[in-house]
Amino acid sequence: MIAKDIYYIGADDRDIDLFEGQYVVPNGIAYNSYVILDEKIAVMDTVDKRRSEEFLANLKEVLGERTPDYLVVDHVEPDHASSIKALVDTYPDITLVGNAKTFQMLPNYFDLDYGNAVTVKEGDTLKLGKHELTFVMAPMVHWPEVMMTYDSYAKVLFSADAFGKFGALDADEDWDCEARRYYFNIVGKYGAQAQAVLKKAAGLDIQVICPLHGPVLKETIGHVLEKYQIWTTYGVESEGVFIAYASLHGNTAAAAEKLAEILRKKGCPKVVVADLARGDMAEALEDAFRYGKVVLAASTYNAGIMPFMEDFLHHLAAKNYQKRTVALIENGSWAPMAAKGMKELLEKMKEIALVEPVVTLRGVLKENDIPALNALADALLG
Ligand code: FEO
């Protein structure tokens, strides 16, 4: 039991190769589902169909001979909803609870008869007995139909994808790191919408947060809300400089490492360097949001930007990247063009302060390039 009459019935998935077909999850992912036992019984979302059997077995173990009355569908994305059919097949009398968009989108995935369905809107309530559920619409956090559900008796917020993280529940790892990588990659584009929901949540007495991924949050709620306040407003979380590079023959990489060394010597509190070709792009994106100052170093390629850097900039734009100071290093043996291309992509983003001048290298990093890197470091630290 995780709170008054509320039980966990979700499942870990450590076999998945890529979450959402794109994110590496070295410690897997948890698909959370919960059940509230009262005079009426409510199941709170289901799990990915990859774990349907385990989910149904967990539910059965909690219910015994009882049957669930409601399935609250806070989010239709298949990592939470693709076991709905298995649940309805097992308990055909169950009533689905969702909003108008929920029921508009569900048929995209299931051929179901929604005879037993209750459509709710912002502020509507559903009484289970002692527990009363209030529905809070959370559009675009992270799909348009998303809603959160507040249990005013247990003081629990079922928060859908918000406050989730990558990693199975039995993974022994820091919350911040994988929650940050999860937030910016999954929800990052929708900071304004997440802010709007945070404001609504501020009016609720929340003692427990039950997200759809990651651990149930109790003692750390203050810390988690503090992080979300920064993340959803695109604020700077950590002092320091993030350097991302895409290097053809290791020369641009050497310049990036040299700049890192100079920054450290000059007292920069933290310098993080990422190789975009070999590292995890999702982690690089996370760090680009974490720090306020970012250096992009790229070789010229086909009269443009080396593809890994171009790809990275497209990822940043897609996540609404903004409010950062960005410096550029380009490399090109005969016609350096990477900075021009990077600038064009950065100009489409909001509130990006470009550090001038751009550092231009021609092949191998030489002694006479060091003053330009020193000047760049001073400009970043100034
Ligand atoms: Fe965890 Fe948006 O699904």
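What does the C-alpha gyration tensor say about the overall shape of the stretch 151-206? Classify as rounded when a/c is under 1.5, otherwise prolate if a/b is larger than b/c, or oblate.
Numbers: a/c = 2.83, a/b = 1.28, b/c = 2.21.
It comes out oblate by the Cα gyration axes.
Given H placed 1.01 Å from N in the peptide plane, which residues other than close sequence neighbours of L128 have an amide H under 5 Å from its amide H?
Amide H neighbours of L128: L133.
Can you flag which of K60/K130; K323/K348; K130/K200; K40/K130 are past 19 Å Cα-Cα? Can you show the working numbers first?
Details: K60/K130 22 Å; K323/K348 12 Å; K130/K200 23 Å; K40/K130 10 Å.
From the list (K60/K130; K323/K348; K130/K200; K40/K130), the Cα-Cα distance tops 19 Å for K60/K130; K130/K200.
Got a sec to turn the phi values of the stretch 127-140 into Karplus ³J(HN,Hα) couplings, 6.51 cos²θ - 1.76 cosθ + 1.60 with θ = phi - 60°, whole Hz, x for Gly and Pro?
Taking θ as phi minus 60°, the curve returns 8, 9, x, 6, 7, 10, 9, 10, 9, 10, 5, 9, x, 6 Hz for the stretch 127-140.
Under a straight-distance cross-link criterion of Cα-Cα below 15 Å, which aspartates and glutamates are reachable from K340, leaving out those fewer than 8 residues away in the same chain?
Filter leaves E310, E330, E356.
Report, as a whole number in µm² per second, the diffusion coefficient that Stokes-Einstein gives for the chain at 4 °C and 1.567 mPa s using the Kirkwood radius over alpha carbon pairs. Walk me through the intermediate numbers first.
Numbers: Rh = 22.5 Å.
Rounded, D is 58 µm²/s.
For T233 and K343, what does the FRET efficiency come to when R0 = 35 Å and r is the distance between their Cβ atoms, rounded to the nearest 0.05?
Working: r = 26 Å, r/R0 = 0.73.
It comes to 0.85.
Got a sec to turn the phi values of the stretch 95-111 into Karplus ³J(HN,Hα) couplings, 6.51 cos²θ - 1.76 cosθ + 1.60 with θ = phi - 60°, whole Hz, x for Gly and Pro?
9, 7, 10, x, 9, 4, 5, 3, 6, 6, 8, 3, x, 5, 10, 9, 9
Sorting check: for 137-144, 14-21, which peptide has the highest mean count of neighbouring beta carbons within 10 Å, and how do the rest follow?
On the way: 137-144: 20.0, 14-21: 12.1.
For the peptides 137-144, 14-21, the packing ranking is 137-144, 14-21.
Please list, by residue number, everything in the stretch 270-307 whose backbone N is under 20 Å from a paramagnetic label point 7 Å out along Cα→Cβ of E173.
The answer is 272-291, whose backbone nitrogens lie closer than 20 Å to the label point.
Using modelled amide H (1.01 Å from N, peptide plane; none on Pro or chain starts), what sits under 5 Å from the amide H of G292, excluding residues fewer than 5 places away?
Answer set, sorted by chain and number: S238, G240.
Would you order Y8, Y321 from fewest to most other beta-carbon atoms within 10 Å of each residue's own beta-carbon?
Details: Y8 18, Y321 26.
Ranked by crowding around the Cβ, least crowded first: Y8, Y321.
Using Cβ counts within 10 Å as a stand-in for footprinting exposure, how do H213, H223, H75, H315 rank, fewest first? Don't skip to the end; give the middle numbers.
Values: H213 27, H223 12, H75 23, H315 19.
Final ranking by Cβ density, sparse to dense: H223, H315, H75, H213.
Counting only residues 5 or more places away or on other chains, whose amide H sits under 5 Å from the amide H of H142 once H atoms are built in the peptide plane?
Under 5 Å from the amide H of H142: D161.
Using θ = phi - 60° and the Karplus relation 6.51 cos²θ - 1.76 cosθ + 1.60, list the HN-Hα couplings for the stretch 187-202 in order, rounded to whole Hz, with x at every Gly or Pro.
10, x, 4, 9, x, 5, 5, 5, 4, 4, 6, 4, 5, 5, 5, 4
Since every read-out is calculated from the coordinates, none of them should be taken as a lab result. All figures in this text were calculated on a predicted structure; none of them were measured in a lab. So basically every Cβ, Gly included, is an ideal-geometry build from the backbone, and we count neighbours across all protein chains shown.
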